[in-house]
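I have placed the structure first, in the form of structure tokens, so that the comments after it can refer back to it.
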Amino acid sequence: MDEVLNATYLTLDGYVEVNKYRYVYFFIFFILYSLIICSNSTIVYIIWIHKNLHEPMYIFIAALLLNCVLYSTTVYPKLLIDFLSEKQVTTYSACLFQFFTFYTLGSSEFFLLAAMAYDRYVAICKPLQYQTIMGKTTVSIFLAVAWLVPACHIVVLTAGSAEATLCNFNLKGIFCNNAVYTLQCVKSRLITVFGVVALIDLVILPMLFIVFTYSNIFILTYQSCKEVRKKAAETCLPHLLVLFSFSCLSIYDVSIARVESDFPKTARLIMTLQIVLYHPLLNPFIYGLKMKDISKQLKRFFYHDKIISRINSEC
């Protein structure tokens, strides 16, 4: 009976010297998680309270940053708990739940970037029809699709993994990503086939759509005046930077489960951390600094806080 119960638990074997540096790890990742929450939430709050930012482009940015907060929350709290625990373990059901939320929110990122690309295409290439095309209904549909379509795909992979027989209970990672497939005795045909379908639907097709859309934008603006080219670059380049960074990190993640088991643990840990470290921190800085309207409101927000603090100190 004990053997059966123990079979539902997994050991997270991706940590390096966690017993020796547990408090250092905890402090660093607590600071990083706090920065992610504060920076992303601040910009979402700025967009929410200023009516002049209640436009499709900024609504999609707010959705993207909110998605970053949720994406980070699927990983960081469990990491912080593990750093302070004697043993880094998780149940298989909890692992699959983390797998589901991690890949659902990660895939939603591509759909939100695709929605942004379409919004910029309509704004630049069809400015007279923008208000008609990008109405509240269209924005709501895009947001619903961005979260529901990935969830419907990933739930199939999660269900397939839940039915699989495990031959290994030692996960070579610090959280449950696609390395869970290495635990299974035999990968089912459903997971293999539908995994390819999910990769095409959730990553490749949105990326092709984004590249196609921005290519049309840059072709059109190249034939226009310098002012139009400058405006297009200001609004499109932040989205392309985010797409490039997240695509590179996604390649990291897809490759992790396919790396040989004798791959150095430290190198594997560093590779894994790329996925949950740079992107959630990079997004708010890109949109906060590169988008003029958001940057302007951020400066006013912090300047106003300084004035209030000075008044309170003088009183």
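The values are calculated or read from the model by the stated rules, or taken from the named source; none is laboratory data. All values derive from a computational prediction rather than experimental measurement. Glycine also receives a Cβ, built like all others from the backbone with ideal geometry; neighbour counts cover every protein chain displayed. SASA here: full protein model, heavy atoms, side chains in, ligands and nucleic acids out. Shrake-Rupley method; radii C 1.70, N 1.55, O 1.52, S 1.80 Å.
From the list ARG300, ARG258, which residue is of a type in the set (D, E, K, R) and modelled with pLDDT of 70 or more?
ARG300
Those residues that are surrounded by fewer than 16 Cβ atoms within 10 Å (Cβ to Cβ) and modelled with pLDDT of 70 or more, I need them from the stretch 275-293; list them, please.
Within the stretch 275-293, TYR278, PHE285 qualify.
One residue is enough: does the stretch 231-240 have a residue meeting the conditions over 22 Å from ALA62 (Cα atoms) and either modelled with pLDDT under 80 or not in a helix (DSSP H, G or I) (or both)?
No, there is no match, as no residue in the stretch 231-240 is over 22 Å from ALA62 (Cα atoms) and either modelled with pLDDT under 80 or not in a helix (DSSP H, G or I) (or both).
Here are the criteria: (1) open to solvent by 10 Å² or more (accessible area, probe 1.4 Å); (2) of a type outside the set (A, V, I, L, M, F, W, C); (3) modelled with pLDDT of 90 or more. Tell me which single one HIS50 does not satisfy.
(3)
Just to check your reading of the model, which residue among TYR121, TYR103, TYR130 is in contact with a helix residue (DSSP H, G or I) (Cβ under 8 Å, 6 or more places away or on another chain), over 24 Å from PHE244 (Cα atoms) and of a type in the set (Phe, Trp, Tyr)?
TYR130
Any chance you could count how many residues in the stretch 157-178 are under 30 Å from ALA115 (Cα atoms), part of a helix (DSSP H, G or I) and touching a residue at least 40 places away in the same chain (Cβ under 8 Å)?
So the answer is 3.
If ASN67 satisfies every condition in (1) surrounded by fewer than 19 Cβ atoms within 10 Å (Cβ to Cβ); (2) assigned to a helix (DSSP H, G or I) but one, which is the exception?
Status for ASN67: all satisfied but (1).
Go over the candidates SER215, SER224, SER188 one by one and state the one that is surrounded by 13 or more Cβ atoms within 10 Å (Cβ to Cβ) and among the small types (Gly, Ala, Ser).
Of SER215, SER224, SER188, the one residue that is surrounded by 13 or more Cβ atoms within 10 Å (Cβ to Cβ) and among the small types (Gly, Ala, Ser) is SER188.
For GLN98, state whether it is in contact with a Cys (Cβ under 7 Å, 6 or more places away or on another chain) and more than 21 Å from PHE212 (Cα to Cα).
yes
Out of the helices (runs of 4 or more DSSP H) lying entirely within the stretch 70-150, which hold 3 or more residues that are open to solvent by less than 50 Å² (accessible area, probe 1.4 Å), touching a residue at least 40 places away in the same chain (Cβ under 8 Å) and in contact with a His (Cβ under 9 Å, 6 or more places away or on another chain)?
92-125
Please enumerate the residues belonging to the stretch 1-19 that are at pLDDT 80 or above and either over 18 Å from LEU273 (Cβ atoms) or of a type in the set (Phe, Trp, Tyr) (or both).
Answer for the stretch 1-19, where residues must be at pLDDT 80 or above and either over 18 Å from LEU273 (Cβ atoms) or of a type in the set (Phe, Trp, Tyr) (or both): TYR9, LEU10, THR11, TYR15, ASN19.
Pull out all pairs, ordered by first then second residue, where Cβ-Cβ is under 8 Å, the residues are six or more apart or on different chains, the first lies in the stretch 49-66 and is polar (S, T, N, Q), and the second is open to solvent by 20 Å² or more (accessible area, probe 1.4 Å) and at pLDDT below 90.
ASN52/ASP293
Each row is one residue, and each column tells you yes or no for (1) in contact with a Leu (Cβ under 9 Å, 6 or more places away or on another chain); (2) at pLDDT below 85; (3) hydroxyl-bearing (Ser, Thr, Tyr); (4) exposed (fewer than 15 other Cβ atoms within 10 Å of the Cβ).
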residue	(1), (2), (3), (4)
GLY160	yes, no, no, no
GLU163	yes, no, no, yes
ILE174	yes, no, no, no
GLN184	yes, no, no, no
VAL193	no, no, no, yes
VAL197	no, no, no, yes
LEU202	no, no, no, no
